[in-house]
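Accompanying notes for the structure given below.
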């Protein structure tokens with residue numbers, strides 16, 4: 001958790017209803033360039049969400065309600081990446097009226113799948129995809145939120161994990177740091193008793209360098225990890241890439257494996273660059 005504060009009040013006040021001891025802390029949920037999947041994970045909390053609303057006031061969340069209560073906000077959850085100048089300015093305004101700002105999902109924490117445009121000429125891509133390129137107003141890159149403003153905490157994933165989301169809410173309401181594991185997906189597979197698809201079947205897998213959080217979703221179904229939760233702590237991507245090569249993957253395919261949901265995360269971006277297609 002960062003030490004960022006602003007004119008909306010102290011962080012202790014945020015957890016206690018802006019210091020009154022009575023008013024509920026105000027929660028806002030914001031969308032930038034994204035698919036809305038992480039916002040839907042909030043709605044997927046179902047009964048837990050009802051319990052959360054007993055402690056916080058959902059002041060702004062267009063995915064769920066048309067009600068808009070003006071800020072400042074005690075907690076802002078931000079989904080999506082920054083892909084145009086308008087949003088680059090909008091995130092600054094949101095930061096200024098938020099005591100806590102938490103980014104949710106791969107788009108907000110690493111630029112998302114749309115960051116694949118960072119590795120090509122964006123004008124070439126626009127001309128190829130759109131019949132009226134002159135209608136498109138975009139930046140040449142898709143970047144994570146913390147490239148533009150201070151971020152207090154990140155929730156990884158494509159989409160985020162509901163258990164980690166509940167932990168984050170619990171931590172903020174109780175004025176403590178969220179406890180989110182940063183070890184690799186392989187640890188989770190071992191704890192769950194899931195057979196390693198790379199060792200047993202020779203299936204390429206990003207699990208050794210990916211942060212845990214998905215509940216071993218793909219390995220449980222005999223598929224390699226796609227890296228949805230981004231790089232784990234101290235990932236040895238070079239060693240994994242060498243192993244993928246020994247499994248028969250081409251250099252370009254190895255590069256593409258690192259350029260998916262978290263393509264612009266530093267460790268994945270660096271390894272992808274090493275295998276850039278020419």
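Screening segment 1-33 for residues that are assigned to a helix (DSSP H, G or I) and in contact with a strand residue (DSSP E or B) (Cβ under 7 Å, 6 or more places away or on another chain) and picking the one that is modelled with the lowest pLDDT gives 14.
Counting only helices (runs of 4 or more DSSP H) that sit wholly inside segment 140-237, those with at least 2 residues that are under 22 Å from residue 267 (Cβ atoms) and out of contact with any strand residue (DSSP E or B) (no Cβ under 7 Å at 6 or more places or on another chain) are 185-192, 197-201, 217-220.
Selection of segment 107-118 for residues being under 21 Å from residue 165 (Cβ atoms) and surrounded by fewer than 24 Cβ atoms within 10 Å (Cβ to Cβ) yields only 113.
Of the helices (runs of 4 or more DSSP H) lying entirely inside segment 34-106, not one contains at least 3 residues that are in contact with a helix residue (DSSP H, G or I) (Cβ under 7 Å, 6 or more places away or on another chain), surrounded by fewer than 13 Cβ atoms within 10 Å (Cβ to Cβ) and not assigned by TED's automatic domain parsing to the domain that holds residue 260.
Pairs linking a residue in segment 197-226 that is on the phi > 0 side of the Ramachandran plot to a residue that is surrounded by 22 or more Cβ atoms within 10 Å (Cβ to Cβ) and assigned to a loop (DSSP other than H, G, I, E, B), with Cβ atoms under 7 Å and 6 or more positions apart or on different chains, are 213/156; 213/157; 213/229.
In summary, residue 152 fulfils each of the numbered conditions (1) under 22 Å from residue 36 (Cβ atoms); (2) surrounded by fewer than 24 Cβ atoms within 10 Å (Cβ to Cβ) with the single exception of condition (1). The set of residues in segment 162-180 being touching a helix residue (DSSP H, G or I) at 6+ places or on another chain (Cβ under 8 Å) and on the phi < 0 side of the Ramachandran plot consists of 162, 165, 166, 169, 172, 173, 174, 177, 178, 179, 180.
The values are calculated or read from the model by the stated rules, or taken from the named source; none is laboratory data. If you're wondering where the values come from, they're calculated on a predicted model, not measured in any experiment. Because the Cβ atoms are built from the backbone with ideal geometry, glycine has one as well, and the counts that use them run over all protein chains shown.
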